[in-house]
Every structure is written in C-alpha cells, then in structure tokens.
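A.B. asks: Okay, here's the structure, questions in a sec.
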Amino acid sequence: MSWSELVGAALLGAERRTPPGGSVEALLDAAAVETVRRRAGLRPAAAAPRPEPAPEDPRPPLPPAAARRLALLLADRPGAGGGRRGTAPDLAELLPQWLAAADAHGYRVPAEQLPALLDAARARTDLRARTLALGGPRALWLARLNPDWRFALRGGSGRGSGPLPDGPDGPDEGAVRRLWEEGLFAERSALLLSLRRRDPAAARELLAGTWSTERAEDRLMFLDSLREGLSPDDEEFLERALADRSRTVRSTAAELLSALPGSALAARMAVRARSCVAPDRTGQPGGLVVEAPYECDAGMQRDGVVPKPPPGRGERSWWLAQVVEAAPLDTWPGHLGGRTPAEITALPVADDWEAELHAAWAQAAVRQRNAAWARALLGKPSAPAAAAPGDPAKLLAVLPAGERAEWAARFIAAHGLSEAFRVLGVCAVPWAEPLGRAVVDALEIARDAGSYPWSFSGVMGMAERCLDPAQADRLAPLAAVPDEPEDGSPGAGGYWAEAFQRLVATLHLRATMLGELDPAPPPAEDGAGARPDRDQAATDLT
C-alpha cells in the first residue's frame, strides 16, 4: 500500500474498518516498512558527474596562531549569554577587523575553516567582501555547491578576479559569453562585476549585447555595476540608457552621467543650473538670486529629473534641487565672478532659497567627490551639526583621512559625543592620535559628571574597534572605579569602570591579533632573533 493509503486507514481507525492485513499490528508493520522505504532516499540511478576539483590558491596560509585565532572568533556568537557584557572583549565585533588585517597581509584561509567563515558571512553582510577576498577561488568553488552560500556568487571575489572562466592566456571569451547568456542572475551579476574590474570596456560591451532583452529589474542591477571604474568611455552607453522604458533605470543612468563632469548631460544640467542661480543685481549687492524651474519639461525628465516631488516638498524646489545636484560644481566659479567655493557658499541668497541651494550643492559635492566644496559646505567644527547642509558625515567622507580626523576631533571637543556617532563612523581606522585623545577625553568628562554609561555605549563600542591599540596602557588608569558625584547616577561609576576595563582588554587583544598575523622574522645571522614591533603593526591596521 502507498503511504497515503496507510495514513488514511490509520485515521479511520480499526473500530470503523478492518485495517489492511487484518489487524492493527499488520497495519503498523506495513507503516514501518514504508517508513524505511521513504527514508532510504532516491532510487538507484546513474551517478552524477563528480564536481571539478577545487582550484589552487597560491597565497601563503595563515600563521598557525592566526588560524587558531580565527577559529575562536568564528566560534563566538553575537548575543551569546545576554545581559551585561562584563569586561570580556566582544569577539564578534573584532572579526571584521581581523579579516581586513589578514587580507592586507595577502593570506588565504585554511580550507577546513572556509565553511564556518562562509556561514558567518551568510549571516552578516559586513563580512562578505573580506570573506570572499580571503576565501579566494576556493570560496567561490564551495559557494557553487551549497545554495546557502549563493551570496558569494553575487559579489565576485573581492579582489577583482571573481568567477571569470579563465583560459591559459586570460579570460576564456567563449566561456564568458556562455555564462553570460545561460547563467543564473546571481552568476551573471558576479561575472559582470568581475569583468568590469578587470576590463571595463569588455564588461560594457557584454552588457550592451543583451541590454534590450533584459528585464527592467535586471537592467537596473547590471547598470549599477558600471559604478566600478566609471569613466567617460561609458557615456555613450549611459546616454542610450536615458531613453530606457524604466524610470528607475533612466534615473540611475542620469546619476552616473552627472558624476562625469565632462558628460553631455552634465553640460545640459549646467546650462539649466546657471539659468536658475545668478548674481543678485537688483537686491542685496554681492548676493545670489534663485529662480527655480516653472515646469519639468520632457528634456529634463529624459535627463533624470523626477517630475513628482515627495510628500511635503514643493514642485519647483524639488526640480531646482535635482538640476543643481547634477550640474558640475566647476560651473559655479566662472558663473559667479571667479569666486572660490568658500566665497560662493558665504554669499547671501535672496528669498529664503539658501537652505535649498546649499543642500543641493552638498549632494553634488558628495556625488562628484569634490573636497573643496565639501570643505566649504561643512563649515567649522565649532558650528552645530545642524548648520551644515545635507549630511555632515557624507561631506566629511569626501575629505582626506587626516583632515577628517582633525575636523572630527575639534567637533567632539566643541560639542561632546552626543552628535559625534555618525561623524566618527567615516573616520579611518585606527583613529589618529588627536581624534582618539578627543574621544577618550569626552568619555572621561562624561564619567566624571556621573552620566549614565549606557548613553555612550555606541561610542564606547566604536572606541574598542577604532582606537589605536598602542593607547591601551595609557587608558589603564580609567579602569578604576571613580568617586561618584553627589548628583550623579547611582552605580554609574561601577559600570564606567567595567566599560573602560573592557576597552583596555579589547585594545590589548587587538594588538595581539595583529602580532599573530605578522610573518615570522628570518633568523638573525648572530642567532639573536628579532621581535616584531607590535606597536607598529597595530598602527598598520586600516
């Protein structure tokens, strides 16, 4: 009897119908046999072809101590234990840093640790790029065998090699074409990104060959890959994409073209922007006057201007913002009397258009990575964060790393830590000494004032990951339980001491981790070995 017939007989019951075989025992025996049959799996069939062997990875293996450290980091699980963290370092938060440092040394992960590392990256997107870089070709080979790791096929290898079918003299063009025409979307997306990193023109030609037959959502994802290595050579293809039937595809193409200051779209937007913003010749001398567009014509819409504003936004201000954002910032000095960006942003703007205009310039500075304009719009660190147009953190990210750290340090010294979280997030790791000192000083001030330590847990967590490990010994005195002020929060001193103890322990652990990744020094001729400079290794972490 089939399984469904056995289940039906059991549901009816022996008191209503004689079961198959004449007894309940016979029914159960038949069910037991069928259960074994079902659990046995598939019927015998021809064996499937064996998978190709995993490719070789010529990179050096991890030093033994570093491999043991990786096993410990992978064994830790976020949130394990719950409750107070105590003074022990949070290993899960140190894993991304360890991966970055190991990748910088050019190591490969031991094959036996790849499954656990891929599992960790499956659960945490922030680990994926470094996991694929360290895992190399073997990680991609494993990902093709396990659907749980399909994310690896969407992002290439992280080093630019990616899953390209290679021949003896480079990529196998025939295999690349077959994979592009026959592969799954994830495989095609990874292939395009990998080829884009190696040969931007070949990737663009591959995409152009099937562009008209792709689905709109796929065209959007494929078009986004052109951000990698975007250059004036992409302009012709992007101009054609401006006529796409999908609004989101048109908008993305326009955004990419506006990031090319020499493109025809950027020139058209510059003409429109100059007609909207001009020197004020009738009102306040030395000011600016704004005349926002009165309509969003077909040409503007083709160039990516979205006609319908979001709720609560006026049409004209919405159109003005999009036009100014897409215009090259080099347009303005010549149009406004040869002034510098700092001088232009200091000009008064008539009729309350200043906030709209400066916010659009801020978006343009971020999109075009223009440090001079970002610096002018960001303003002095002593000014409140709300005084800067747009997102101060995005403007700050455009500046060089050293300038970023100096600005953030002065901002924290002026305003404390209440508004510093996003600003700190764009600063290079490890924090430069002035920035690290400013953060620690602000934390010490908060502790001495008797503030609740939980209000600063986010910044304290960032300090554990971003402070220079060489500062650990200097911070040790802060780990003592402080005297609590009369108006302070009860018990806050103990929590602050615990937090600083954890900070010091984490910095020591980070220094040890970095030391474990250093290759062993060659033996000295006189037999006296040399000890690696771990303080220097700690400062090399980026």
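A.B. asks: With point charges of +1 on the Cβ of Lys and Arg and -1 on the Cβ of Asp and Glu, referenced to the Cα centre of the range 311-435, which listed residue (Val398, His358, His415) lies farthest in the positive direction of the dipole?
C.D. replies: About the Cα centre, the residue reaching furthest to the positive side is Val398.
A.B. asks: May I ask for the distance between the Cα centers of the range 413-451 and the range 286-338, given as a whole number of Å?
C.D. replies: Centre-to-centre distance over Cα atoms comes out at 38 Å.
A.B. asks: Ok, one more. Can you check what the Kirkwood hydrodynamic radius comes to for the chain, Cα pairs only, in Å to one decimal?
C.D. replies: Details: mean 1/r = 0.0351 Å⁻¹.
One over the average 1/r among Cα pairs gives 28.5 Å for the chain.
A.B. asks: Sticking with this one: Return the tail of the calculated pair distribution for the range 86-149, meaning the percent of Cα-Cα pairs more than 15 Å apart.
C.D. replies: Counting pairs separated by more than 15 Å, the tail of P(r) holds 49 percent.
A.B. asks: Based on Cβ point charges of +1 for Lys and Arg and -1 for Asp and Glu, what charge dipole magnitude is obtained for the range 1-80 about its Cα centre, in debye rounded to the nearest 20? Present the calculation step by step, with values, prior to reporting the outcome.
C.D. replies: On the way: 11 positive and 9 negative charges, 48 e Å.
My answer is approximately 240 debye.
A.B. asks: Which angle between 0 and 90 degrees, to the nearest 10, do you get for helix 128-143 versus the longest principal axis of the chain when only C-alpha atoms count?
C.D. replies: That helix lies at roughly 30 degrees to the long axis.
A.B. asks: Now for a different question. What is the gain in length, in nm to one decimal, between Ser212 and Asp126 on full extension, counting 0.36 nm per residue of separation less the C-alpha to C-alpha distance?
C.D. replies: Result: 27.6 nm gained on full extension.
A.B. asks: Under a crude label model (7 Å from the Cα following the beta-carbon direction), how far is Asp441 from Lys308 in nanometres?
C.D. replies: 5.2
A.B. asks: Test of understanding: what is the full-extension gain from Glu403 to Glu315, defined as 0.36 nm times their sequence separation minus their Cα-Cα distance?
C.D. replies: Values: separation 88, 0.36 × 88 = 31.68 nm, distance 3.75 nm.
So the chain would gain 27.9 nm between Glu403 and Glu315.
A.B. asks: By average Cβ neighbour count within 10 Å, what is the ranking of 27-36, 390-399, 7-16 from highest down?
C.D. replies: 390-399, 27-36, 7-16
A.B. asks: In debye, nearest 20: dipole of the chain around its Cα centre with unit charges on the Cβ of K, R (+) and D, E (-)?
C.D. replies: Using only the charged Cβ atoms, the result is roughly 1240 debye.
A.B. asks: Still on this model: Quick one: if you stick a label point 7 Å off each Cα along the C-beta vector at Val481 and Ser457, how many nm between them?
C.D. replies: Distance between the two pseudo-spin positions: 2.1 nm.
A.B. asks: Taking the alpha-carbon centroid of each part, what is the distance from the range 233-261 to the range 1-47 in angstrom?
C.D. replies: One Cα centre to the other: 63 Å.
A.B. asks: Also: What ranking, highest mean first, results for peptides 510-518, 299-307, 350-358, 129-137 when packing means the other Cβ atoms within 10 Å averaged over each residue?
C.D. replies: Descending mean neighbour count gives 129-137, 510-518, 299-307, 350-358.
A.B. asks: Hey, another quick one. Leaving out ligands and nucleic acids, and using a 1.4 Å probe, what accessible area per residue does the chain come to in Å²?
C.D. replies: With all protein chains present, the chain gives 52 Å² per residue.
A.B. asks: Give me the tail of P(r) for the range 265-356 as a percent: Cα-Cα pairs with distance above 19 Å.
C.D. replies: 39
A.B. asks: While we're here: Label Ala100 and Ala278 with points 7 Å out from Cα along Cα→Cβ: what is the distance between them in nm?
C.D. replies: About 4.9 nm, to one decimal.
A.B. asks: So, one more: Using 0.36 nm per residue of separation minus the Cα-Cα distance, give me the extension gain between Thr512 and Asp76 in nm, one decimal.
C.D. replies: On the way: separation 436, 0.36 × 436 = 156.96 nm, distance 1.76 nm.
Full-extension gain reported as 155.2 nm.
A.B. asks: Can you give the FRET efficiency to the nearest 0.05 for Ala428 and Arg474, using r as the Cβ-Cβ distance and R₀ = 30 Å?
C.D. replies: The pair Ala428/Arg474 has a calculated efficiency of 0.90.
A.B. asks: Then there's this: Can you list the residues of the range 130-144 with backbone N under 12 Å from a point 7 Å past the Cα of Gln113, pointing along Cα to Cβ?
C.D. replies: Zone members listed by number: 134-135.
A.B. asks: For Asp352 and Asp448, FRET efficiency with R0 = 51 Å and r from the beta-carbon atoms, rounded to 0.05?
C.D. replies: 0.70
A.B. asks: Related question: For the chain, give the percent of accessible area contributed by carbon and sulfur heavy atoms, probe 1.4 Å, rounded to a whole number.
C.D. replies: Of all accessible area on the chain, carbon and sulfur atoms account for 53 percent.
The values are calculated or read from the model by the stated rules, or taken from the named source; none is laboratory data. Quantities reported herein were computed from a predicted structural model and do not represent experimental measurements. Quick reminder, even Gly has a Cβ in these numbers, built from the backbone with ideal geometry, and neighbours come from all protein chains shown. Quick note on the areas: whole protein, heavy atoms, side chains included, nothing else; ligands and nucleic acids left out. Shrake-Rupley method; radii C 1.70, N 1.55, O 1.52, S 1.80 Å.
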